[in-house]
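Down below is the structure, laid out as structure tokens.
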Amino acid sequence: MRWLVLSTLLGLLVVSPGAAQAPRAADQELLNLDETLIDALFKKDQAKFEPLLADDYVYIHSNGTVTNREEEIAQTMASDVKWTASTLSSLKTRVYGDAAVVTGTLTHTGSAKGYVGGARLVTHLWVKRNGRWQTVGGQSTIVPAR
């Protein structure tokens with residue numbers, strides 16, 4: 001019995017340092033890309049925004065509308081989208097080979113036609129093709145006021 005306890009403790013000591021290591025390179029790359037995506041959206045930086053969206057991109061917005069790549073670009077760059085701040089928080093990544101899911105909270109301040117400001121839970125789907133990550137879509141849901 002003593003041997004079993006000692007073996008278990010030794011096993012935990014060996015495994016624990018690995019669990020405390022920094023995020024994998026792909027995780028950090030995806031977190032950076034997600035932040036770049038939202039920053040480009042907020043700043044209406046089409047040159048940075050467009051290459052991040054895959055040709056088959058589809059997004060379900062917090063107001064229920066569904067947009068493809070072209071619609072998303074046009075809507076994001078429209079003059080009636082006037083977010084004064086957009087912040088991401090609580091981002092988490094899950095990587096599955098050449099596919100990944102990034103989840104978190106996105107808070108918009110300001111206004112945009114057909115949308116309300118405030119916090120929303122977001123899910124962004126990423127796929128690695130030809131050596132680079134692109135988002136293929138996602139969805140957002142308004143966080144209810146408490």
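The values are calculated or read from the model by the stated rules, or taken from the named source; none is laboratory data. Source: prediction; values computed, not measured. Cβ sites come from the backbone with ideal geometry, for glycine too, and all protein chains shown count toward neighbours. Only protein heavy atoms, including side chains, enter the accessible area calculation; ligands, DNA and RNA are left aside. Shrake-Rupley method; radii C 1.70, N 1.55, O 1.52, S 1.80 Å.
I need a count of the residues in the range 74-97 that are loosely packed, with under 13 Cβ neighbours inside 10 Å and touching a helix residue (DSSP H, G or I) at 6+ places or on another chain (Cβ under 6 Å).
Here the count works out to 0.
Among the residues of the range 57-68, write down those that are part of a strand (DSSP E or B) and either surrounded by fewer than 12 Cβ atoms within 10 Å (Cβ to Cβ) or out of contact with any Phe, Trp or Tyr (no Cβ under 6 Å at 6 or more places or on another chain) (or both).
The answer is TYR57, VAL58, TYR59, ILE60, VAL66, ASN68.
If you check VAL127, VAL101, VAL143, which single one turns out to be aliphatic (A, V, I, L, M) and within 21 Å of GLN46 (Cα to Cα)?
Every option except VAL127 fails the conditions.
Restricting attention to the range 98-139, report how many residues are open to solvent by 50 Å² or more (accessible area, probe 1.4 Å) and in contact (Cβ under 8 Å) with a residue 12 or more places away in the chain.
Number of matching residues: 11.
List the number of the failed condition for GLU71; all other conditions in (1) assigned to a strand (DSSP E or B); (2) open to solvent by 30 Å² or more (accessible area, probe 1.4 Å); (3) closer than 17 Å to ALA40 by Cα hold.
Of the numbered conditions (1) assigned to a strand (DSSP E or B); (2) open to solvent by 30 Å² or more (accessible area, probe 1.4 Å); (3) closer than 17 Å to ALA40 by Cα, the odd one out for GLU71 is (1).
Any residue in the range 34-42 that is in contact with a strand residue (DSSP E or B) (Cβ under 6 Å, 6 or more places away or on another chain), within 19 Å of THR103 (Cα to Cα), open to solvent by less than 60 Å² (accessible area, probe 1.4 Å) and not basic (Lys, Arg)?
yes
Please enumerate the residues belonging to the range 1-54 that are hydroxyl-bearing (Ser, Thr, Tyr) and modelled with pLDDT of 50 or more.
THR36
Kindly provide the set of residues from the range 31-51 that are touching a Phe, Trp or Tyr at 6+ places or on another chain (Cβ under 6 Å) and under 17 Å from GLY131 (Cα atoms), ordered by number.
Result: LEU33, single match.
Going by the conditions given, is ALA54 small (Gly, Ala, Ser), open to solvent by less than 60 Å² (accessible area, probe 1.4 Å) and farther than 24 Å from LYS128 by Cα?
Spelling it out, it is not the case that ALA54 is small (Gly, Ala, Ser), open to solvent by less than 60 Å² (accessible area, probe 1.4 Å) and farther than 24 Å from LYS128 by Cα.
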